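Accompanying notes for the structure given below.
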Amino acid sequence: MPIKNRIAEFHEEMIRWRHHLHANPELSYQEHKTASFVAEKLHSYGIQVTEGMGGTGVVGVLYGSRESGRSIGLRADMDALAIEERNDFPHRSTNSGVMHACGHDGHTAMLLGAARYLAETRDFSGRVVFVFQPAEEMGGNDGGAARMIREGLFESFRCDEIYGLHNWPGMEVGTFAVKAGPMMASGDAFEIEVRSTGMHAAQPHKGADVVLTAGHILVALQQISARNVDPLDAIVVSATQIHGGDAYNVLPNTITIRGTVRAFSPTARDAAESAVRRVVEGICMSTGALCKVSYVQQYPTLINSEAAARSAEIAGSAVFNRIETNPPQTMIVEDFAFMLADRHGCYGWIGNGPDDNGCILHSAWFDFNDEALPFGASYFASLVEART
C-alpha cells in the first residue's frame with residue numbers, strides 16, 4: 001500500500017490535531033502549549049524527545065529498523081501571528097488577537113503524521129530528527145531557526161541533510177513545487193532618520209525641510225534596483241513606513257523611514273546596502289539635513305542544494321499528483337534559510353488550494369487546507385525511507 005494511502009487512514013486524526021492547534025495559537029517563543037502537545041504525541045509514538053531547544057522548540061529522534069550512519073532532519077514551524085481571526089468556524093482561534101494565519105498548524109500536523117507513520121513502520125535505516133521549530137515569524141537572527149542553530153541543534157542532533165515545506169495558496173492541493181538553487185529571497189531591514197531644526201511652515205528657509213528631503217529619498221530608493229544593481233539580479237527595495245510631524249503648519253525636526261530590501265544574490269544584496277547609504281547621505285547633503293542609516297541583514301537567501309532538490313523531487317513524485325520543478329522564485333523570506341545555510345537540504349511548497357475569499361498567507365481569513373495533510377506527511381515519510 002503506498003505511503004500516502006496508509007497515512008490517509010489516520011487523516012481524520014491529523015485533522016483533529018490541526019484544528020486543535022488552530023484553535024489554540026501561540027506567538028513566537030510563547031508556544032508552550034503547542035510544544036507540550038507535540039512532545040506528548042512524540043512520546044506516545046516511542047520517539048526520543050528533547051524539549052526547550054531554541055526556547056520552546058521540540059526535537060524528536062527515531063531510529064529505523066536497519067543500522068546506518070545516515071541522519072536526516074525534517075522541520076516544521078509552530079508559531080502563530082498577531083492577527084485577529086475573522087473566520088467563523090468551530091476551530092477558529094480562541095486566543096484573541098492571535099491566529100494561525102500562515103498555516104504552521106498544518107505544517108506541525110503533517111510532521112506529526114509522518115512521525116507516527118515512521119514510528120509504526122520503522123522501514124528505514126539510520127535515524128530521523130524531527131525538528132519542531134519556534135518563532136519562525138519573528139525571523140532574522142532573533143528567530144527560531146537561527147537560535148536553535150546557535151544553541152547547538154546540529155551538534156546535539158546531527159543531520160546530514162534537512163528538509164522543510166510550506167503550504168502555498170493558489171497552488172492546487174496534491175501539487176508540490178521545488179527547484180535547486182535560490183528559491184526564496186534574502187531579507188534586510190533599514191531605518192533612515194532624517195533630522196533638522198523644526199520650523200514654521202511659513203518660514204521653510206530657516207532650516208532643512210526633512211519632509212521634502214524624505215520625499216526625495218523615497219523616490220531615489222526606487223531607483224536602486226534599476227540603476228545600482230545588475231539588471232539580471234532581481235531585487236526589491238520597499239519603503240514601508242514613514243513617520244514624522246504633529247501639526248499641519250509645522251515642519252518637523254525628524255522624519256523616520258523604514259523598509260525592507262529583498263534579493264537573491266549576495267552581490268545584489270551588498271550593492272543594495274551600499275546604495276541605500278549613499279543615496280540617503282547624498283540627498284541629505286544636498287538639502288542640508290542630517291541623517292542616520294541603520295541597515296540590518298536579517299535573512300539569508302533560501303538556497304536548495306541540487307542533490308537535495310533532486311531527492312525531494314523523487315520523493316514527491318511517489319506522493320503528489322503533480323510536481324513543479326521550475327516554480328517562480330518569490331521575494332518572500334523564510335528563516336529555514338538559516339538551516340540550509342548550515343546544512344545541505346531542500347525547502348518545497350505544497351499546494352493549499354485556491355487563494356480566493358481571503359485565503360492568502362497572513363490574512364485574517366486564512367485557514368490551512370486539511371486535504372493537504374496526508375500529502376505533506378507522506379512526502380516527509382517518503383524522504384526518510386529513500387534517504388536514510
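Residues in the stretch 178-195 that are part of a strand (DSSP E or B), of a type in the set (G, A, S) and within 15 Å of the chain's Cα centre (by Cα): how many?
Residues of the stretch 178-195 part of a strand (DSSP E or B): 181-184, 186-195.
With of a type in the set (G, A, S) added as a condition, the list becomes 181, 186-187, 189.
Applying the additional criterion that residues be within 15 Å of the chain's Cα centre (by Cα) yields 186-187.
Matching residues across the stretch 178-195 total 2.
I want to confirm something. Restricting to the stretch 21-36 and keeping residues that are crowded, with 20+ Cβ neighbours inside 10 Å and among the hydrophobic types (A, V, I, L, M, F, W, C), which single residue is nearest to V58 (Cα to Cα)?
Filtering the stretch 21-36 down to residues crowded, with 20+ Cβ neighbours inside 10 Å leaves 21-22, 25-26, 28, 31, 34-35.
Of the ones still in play, those that are also among the hydrophobic types (A, V, I, L, M, F, W, C) are 21, 35.
Numbers: L21: 15, A35: 6 Å.
The selected residue is A35.
List every residue pair whose Cβ atoms sit under 8 Å apart, with the two residues 6 or more apart in sequence or on different chains, where the first one lies in the stretch 118-147 and is outside the structural domain of T50 (by TED's automatic domain parsing) and free of Cβ contacts under 8 Å to residues at least 60 places away in the same chain and the second, anywhere, is assigned to a loop (DSSP other than H, G, I, E, B) and among the hydrophobic types (A, V, I, L, M, F, W, C).
none
Determine whether the stretch 233-251 contains at least one residue that is in a loop (DSSP other than H, G, I, E, B), assigned by TED's automatic domain parsing to the domain that holds F190 and under 16 Å from G187 (Cβ atoms).
Scanning the stretch 233-251, I find at least one residue that is in a loop (DSSP other than H, G, I, E, B), assigned by TED's automatic domain parsing to the domain that holds F190 and under 16 Å from G187 (Cβ atoms), so the answer is yes.
If a residue has to be buried (at least 24 other Cβ atoms within 10 Å of the Cβ) and in a loop (DSSP other than H, G, I, E, B) to count, how many in the stretch 68-112 make the cut?
Matching residues across the stretch 68-112 total 7.
Do you know which residues across the stretch 258-292 are part of a strand (DSSP E or B), in contact with a helix residue (DSSP H, G or I) (Cβ under 6 Å, 6 or more places away or on another chain) and closer than 16 Å to R195 by Cβ?
Restricting attention to the stretch 258-292, the residues satisfying the condition of being part of a strand (DSSP E or B) are 258-263, 290-292.
Those left that are additionally in contact with a helix residue (DSSP H, G or I) (Cβ under 6 Å, 6 or more places away or on another chain): 261, 263, 291.
C291, the sole residue that qualifies.
Quick check: anything in the stretch 17-31 free of Cβ contacts under 8 Å to residues at least 24 places away in the same chain and either assigned to a helix (DSSP H, G or I) or on the phi < 0 side of the Ramachandran plot (or both)? It would help to see each step written out before you state the result.
Of all residues in the stretch 17-31, those free of Cβ contacts under 8 Å to residues at least 24 places away in the same chain come to none.
No, the conditions are met nowhere in the stretch 17-31.
Identify, please: which residue in the stretch 211-226 is in contact with a strand residue (DSSP E or B) (Cβ under 7 Å, 6 or more places away or on another chain) and in a helix (DSSP H, G or I) and is, among those, surrounded by the most Cβ atoms within 10 Å (Cβ to Cβ)? Steps first, please.
Kept after step one, since they are in contact with a strand residue (DSSP E or B) (Cβ under 7 Å, 6 or more places away or on another chain), are these residues of the stretch 211-226: 211, 213-214, 217-218, 221-222, 224-225.
Imposing the further condition that a residue be in a helix (DSSP H, G or I) reduces the set to 211, 213-214, 217-218, 221, 224-225.
Working: V211: 16, T213: 24, A214: 27, I217: 25, L218: 14, L221: 23, I224: 22, S225: 21.
If we take residues in the stretch 211-226 being in contact with a strand residue (DSSP E or B) (Cβ under 7 Å, 6 or more places away or on another chain) and in a helix (DSSP H, G or I), then A214 is surrounded by the most Cβ atoms within 10 Å (Cβ to Cβ).
Please indicate, with yes or no, whether at least one residue in the stretch 325-335 is under 30 Å from A23 (Cα atoms), under 18 Å from the mean Cα position of the chain (by Cα), hydroxyl-bearing (S, T, Y) and surrounded by fewer than 16 Cβ atoms within 10 Å (Cβ to Cβ).
Within the stretch 325-335 (the criterion being under 30 Å from A23 (Cα atoms), under 18 Å from the mean Cα position of the chain (by Cα), hydroxyl-bearing (S, T, Y) and surrounded by fewer than 16 Cβ atoms within 10 Å (Cβ to Cβ)), the answer is yes, since at least one residue qualifies.
Would the stretch 196-210 turn up any residue that is of a type in the set (A, V, I, L, M, F, W, C), in a strand (DSSP E or B), modelled with pLDDT of 95 or more and under 12 Å from A289 (Cβ atoms)? Let's see the steps before the verdict.
Start the filter on the stretch 196-210 by keeping residues that are of a type in the set (A, V, I, L, M, F, W, C), which leaves 199, 201-202, 208, 210.
Filter again for in a strand (DSSP E or B), leaving 199.
Now narrow it down to the ones that are modelled with pLDDT of 95 or more: none.
No, because not a single residue in the stretch 196-210 is of a type in the set (A, V, I, L, M, F, W, C), in a strand (DSSP E or B), modelled with pLDDT of 95 or more and under 12 Å from A289 (Cβ atoms).
Among the candidates V276, V250, V293, which residue alone is surrounded by fewer than 16 Cβ atoms within 10 Å (Cβ to Cβ) and in contact (Cβ under 8 Å) with a residue 40 or more places away in the chain? Before the answer, list the steps.
Values: V276 fails: surrounded by fewer than 16 Cβ atoms within 10 Å (Cβ to Cβ); V293 fails: surrounded by fewer than 16 Cβ atoms within 10 Å (Cβ to Cβ).
Exactly one residue qualifies, and that residue is V250.
Going by what's in this entry, would F190 be described as touching a residue at least 24 places away in the same chain (Cβ under 8 Å), aromatic (F, W, Y) and surrounded by fewer than 24 Cβ atoms within 10 Å (Cβ to Cβ)? Step through it out loud before you land on a result.
Working: touching a residue at least 24 places away in the same chain (Cβ under 8 Å): yes; aromatic (F, W, Y): yes; surrounded by fewer than 24 Cβ atoms within 10 Å (Cβ to Cβ): yes.
Judged against the criteria, F190 is a match.
Select from the stretch 1-38 the residues that are among the basic types (K, R) and modelled with pLDDT of 95 or more and list them in ascending order.
In the first step, residues of the stretch 1-38 are kept if they are among the basic types (K, R); the result is 4, 6, 16, 18, 33.
Across the stretch 1-38, the qualifying residues are R16, R18, K33.
The values are calculated or read from the model by the stated rules, or taken from the named source; none is laboratory data. From a predicted model like this one, the values you see are computed outputs, not experimental measurements. As a convention, Cβ positions derive from the backbone with ideal geometry for all residues, glycine included, and neighbour counts pool all protein chains shown.
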